[in-house]
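Reading through the structure tokens given below for one structure.
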There are 2 protein chains.
Amino acid sequence: MQQELKSEITKQLIIDKAFNLFYQNGFKTTSIDKIMKETTLSKGAFYHHYKSKKELGLEVISLKVEKRVVNGMIAPLRQSGNAYQIIKDVFTNRLKEFSINEKQQGCPMNNLINEIGNNEIAYQNALKNIIELWKTALVQIIERGKQEHTIKEEVSSQAVATYLISAFEGIRGIRKLYTNDTVLDEYISGLTFYLNQIKK
Amino acid sequence: MQQELKSEITKQLIIDKAFNLFYQNGFKTTSIDKIMKETTLSKGAFYHHYKSKKELGLEVISLKVEKRVVNGMIAPLRQSGNAYQIIKDVFTNRLKEFSINEKQQGCPMNNLINEIGNNEIAYQNALKNIIELWKTALVQIIERGKQEHTIKEEVSSQAVATYLISAFEGIRGIRKLYTNDTVLDEYISGLTFYLNQIKK
DNA sequence: AATAAAAAATACTAGTTGGTATGTTTATGT
DNA sequence: ACATAAACATACCAACTAGTATTTTTTATT
């Protein structure tokens, strides 16, 4: 029982360090050696718990990356109150919450989508799953907004959800190229304008 | 004179093959060996023309990647006619033009932004330059639209330009995860709705 | 205390990486 | 035609890569 726990702790340690290194230096350029150096464990320990780098990558996506998106962008949508206002707040507040590092490094999910989203079907599906979770949650609150008469009935919930996610992920990438927040402010201004269109 | 031309031809060959490999397999995982195998020239030839992979990368960005964006998204904006309609057409037509491969592989610029946009300042600036070109061209046509009364005066041209670019690049990444165009259709629907807001 | 199995360490592949050193071939200017 | 330099080829390097084989250490079961 204690052994099982130890195994779980070690795996979590590996996943945590791996996520950080993937985020800071990219997936492909992060080697198992570098990850295990961070954990102060050996390579033998890694291959005892994981059969390949790919298996680790998938766990990082489904545990760490997904959790980040859920905590930052999905869970906050499940609030009571004005649906329109919640959407607006979640999208703008999240951006303003980001640390300097998070602005420079972009979105972990988006980085992975663009770095390895076309290589492996397994990565593709794991990442797609996160996008689908996000989209579903957004569609849900937009529909709620329509019922509660804060959002226009004639808008396509799917279309708005997709457009919101696209623009958010897009700006997270573009911001990496800059050293100040001008481009983020412009995005927020553009977003506000957009949301005004769906407001009832 | 003949020598200079030969050198130029060889460099172009290297750049072309490099761009294709970067696009299909990513920047980091494309080695000089792989590139030179494509050209049927030797590694010695490469290092005669380029001092490093970084130097090649920068040339690929400023020549091939930039040209792609200019041809596909910037030059078409410089048409006479209804500014609002031109913007709408350029954004939607470009998406529909893409081949299956281009949909699967995403946007070469966006891939690079997210793969190496945070590593090297040199890459950052080369990529930022393309974004700035695009933004400037968009701002220009939006301003024109305001003057010609096809676009509302009260919208911020900068904000709209940034939001349009963000969403476009974002969807190019997200599309990589799917095997059909549903998500692209939703994007176009969301875009159309957005543009309707700036229409006068 | 003895046995077995899990957890982790050590040592090792074979292949790849960016880059260099040193050649050979081809063009050019005199 | 000859010296010079550019264009390209060959052979190499040290560092790094994912993964394996083998041994040691720790934990659990009897």
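The values are calculated or read from the model by the stated rules, or taken from the named source; none is laboratory data. Quick caveat, the model's predicted, so the values are computed rather than measured. Cβ: placed from backbone, ideal geometry, glycine included. Neighbour counts: every protein chain shown. Note: areas computed on protein heavy atoms with side chains; ligands, DNA, RNA excluded. Shrake-Rupley method; radii C 1.70, N 1.55, O 1.52, S 1.80 Å.
Summary table below
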quantity	calculated
Residues of the stretch B:169-182 classified as surrounded by 19 or more Cβ atoms within 10 Å (Cβ to Cβ) and out of contact with any Leu (no Cβ under 8 Å at 6 or more places or on another chain), total	6
Subset of the stretch A:141-160 (residues that are open to solvent by less than 10 Å² (accessible area, probe 1.4 Å) and hydroxyl-bearing (S, T, Y))	A:S157
Filter result for B:A126 (in a helix (DSSP H, G or I), of a type outside the set (F, W, Y) and surrounded by fewer than 15 Cβ atoms within 10 Å (Cβ to Cβ))	no
In the stretch A:4-31, residue nearest to A:E102 (Cα to Cα) [restricted to those that are within 14 Å of DNA strand C (Cβ to nearest atom) and touching a Leu at 6+ places or on another chain (Cβ under 8 Å)]	A:I15
Considering residues of the stretch B:4-17 that are within 11 Å of DNA strand D (Cβ to nearest atom) and open to solvent by less than 50 Å² (accessible area, probe 1.4 Å) only, the residue farthest from the chain's Cα centre (by Cα)	B:S7
Condition met for A:A45 (under 30 Å from A:K200 (Cβ atoms), open to solvent by 10 Å² or more (accessible area, probe 1.4 Å) and either assigned to a helix (DSSP H, G or I) or within 15 Å of DNA strand C (Cβ to nearest atom) (or both))	no
Residues of the stretch A:18-42 classified as open to solvent by 60 Å² or more (accessible area, probe 1.4 Å), touching a helix residue (DSSP H, G or I) at 6+ places or on another chain (Cβ under 7 Å) and not in a loop (DSSP other than H, G, I, E, B), total	4
B:L63 being under 24 Å from B:E169 (Cα atoms) and within 15 Å of the chain's Cα centre (by Cα)	yes
Output for the stretch B:148-167, where each listed residue is more than 7 Å from chain A (Cβ to nearest Cβ) and of a type outside the set (A, V, I, L, M)	B:E148, B:H149, B:T150, B:K152, B:E153, B:E154, B:S157
Selection status of A:Y163, surrounded by fewer than 19 Cβ atoms within 10 Å (Cβ to Cβ) and under 21 Å from the mean Cα position of the chain (by Cα)	no
Residue selected from the stretch B:168-200 under the condition part of a loop (DSSP other than H, G, I, E, B) and either over 21 Å from the mean Cα position of the chain (by Cα) or of a type in the set (K, R) (or both), by the criterion farthest from the other protein chains (Cβ to nearest Cβ)	B:K200
Residues of the stretch A:129-158 that turn out to be outside any loop (DSSP other than H, G, I, E, B), in contact (Cβ under 8 Å) with a residue 24 or more places away in the chain and closer than 18 Å to B:V183 by Cα, as a count	10
Looking only at the stretch A:4-57, and only at residues there that are in contact (Cβ under 8 Å) with a residue 40 or more places away in the chain and polar (S, T, N, Q), the one that is farthest from B:N119 (Cα to Cα)	A:S7
Residue match in the stretch B:97-105 (condition: free of Cβ contacts under 8 Å to residues at least 12 places away in the same chain, assigned to a loop (DSSP other than H, G, I, E, B), at positive phi and more than 16 Å from DNA strand C (Cβ to nearest atom))	no
Tabulated pairs, the stretch B:63-83, first polar (S, T, N, Q), second surrounded by 16 or more Cβ atoms within 10 Å (Cβ to Cβ) and not in a helix (DSSP H, G or I), C-beta under 6 angstrom, 6+ apart or interchain	B:N82/B:T150
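Okay, residues lined up against (1) away from DNA strand C (no atom under 16 Å from the Cβ); (2) open to solvent by less than 40 Å² (accessible area, probe 1.4 Å); (3) under 29 Å from A:Y178 (Cα atoms):
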position	(1), (2), (3)
A:Q2	no, no, no
A:E55	no, no, no
A:R68	yes, no, yes
A:G72	yes, yes, yes
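Condition check ((1) within 14 Å of chain B (Cβ to nearest Cβ); (2) within 16 Å of DNA strand D (Cβ to nearest atom); (3) closer than 19 Å to A:Q124 by Cα) across all residues:
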| site | (1), (2), (3) |
| --- | --- |
| A:S42 | no, yes, no |
| A:A45 | no, yes, no |
| A:H48 | no, yes, no |
| A:I61 | yes, yes, yes |
| A:E66 | yes, no, yes |
| A:V70 | no, no, yes |
| A:M73 | yes, no, no |
| A:L77 | no, no, no |
| A:G81 | no, no, no |
